[in-house]
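Let me begin by presenting the structure, written as structure tokens, before commenting on it.
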Amino acid sequence: MDVNLQHLVVFLLVTACCIYALWTLMPAIARRFIAKKMVKWPLGSTWKAWLQQAASESSGCGCSGCDKVVDQTRKQQPQVVHFQARPKD
């Protein structure tokens, strides 16, 4: 493999990882702002759908964790806690 091609592959991988880390760690309001701007770009339908979902307002405090589906049946089931005494020396 040519050295220049190796550098190109490494550059692309590092750039993709940096973009992913920035997007993940970015505040939700900044992600929505960028996604709203990028929806207007000529991207494929899959990217547009993903960006439109990212650009929509979340239903919670803006931490992007409250709008996930929660299984209510699992919350209502009682939790059994078992205590075990420590063996005495």
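Do any helices (runs of 4 or more DSSP H) lying entirely in the stretch 1-78 carry at least 2 residues that are in contact with a Phe, Trp or Tyr (Cβ under 9 Å, 6 or more places away or on another chain) and at pLDDT 80 or above, and which ones are they?
Once the helices (runs of 4 or more DSSP H) in the stretch 1-78 are filtered for at least 2 residues that are in contact with a Phe, Trp or Tyr (Cβ under 9 Å, 6 or more places away or on another chain) and at pLDDT 80 or above, what remains is 28-38, 45-55.
Cβ-Cβ below 8 Å, separation at least six or inter-chain, first residue in the stretch 25-47 and within 14 Å of residue 57 (Cβ to Cβ), second surrounded by 12 or more Cβ atoms within 10 Å (Cβ to Cβ) and at pLDDT 85 or above: which pairs?
Matching pairs, first to second residue: 31/23.
The values are calculated or read from the model by the stated rules, or taken from the named source; none is laboratory data. Quick caveat, the model's predicted, so the values are computed rather than measured. Cβ atoms come from the backbone with ideal geometry, glycine included; neighbour counts cover every protein chain shown.
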